[in-house]
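Working notes for the structure below.
The values are calculated or read from the model by the stated rules, or taken from the named source; none is laboratory data. Just so it is clear, the model here is predicted, and its values are computed rather than measured. In case anyone asks, the SASA skips ligands and DNA or RNA and just uses the protein heavy atoms, side chains included. Shrake-Rupley method; radii C 1.70, N 1.55, O 1.52, S 1.80 Å.
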Amino acid sequence: MWSVVLMGLAGLLIGGALSFRQQKKPLWTQIGFGVLAAMSLLAAYLLTLPAA
C-alpha cells in the first residue's frame, strides 16, 4: 500500500520538476524535486523487499 503511495508521490515530484523547468525557475529547485522523487522511489522499492 505505502509503496504505491510513494510511487504516486514520486510522479507528482517529477511533474513539479518538469513544471519548474518549463517556467525557467532556478536549477536547484528542479534538482531538489528530482532528488526527492528518486528518494521516494527508493523507499517504495525498499518497502517491497521481504523482511529478513
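Here are some notes:
- Nearest-ten-degree value, helix 27-48 long axis tilted from longest Cα axis of the chain: 10
- Measuring nothing but protein heavy atoms, the accessible surface of the chain at 1.4 Å probe radius is 76 percent carbon and sulfur.
- Per residue, in Å², the accessible surface of the chain once ligands and nucleic acids are set aside, probe 1.4 Å: 79
- In degrees, nearest ten, helix 2-22 long axis to first principal axis of the chain (Cα): 10
- The average projected area of the chain, computed from the convex hull of its Cα atoms over all directions, is 3.4 nm².
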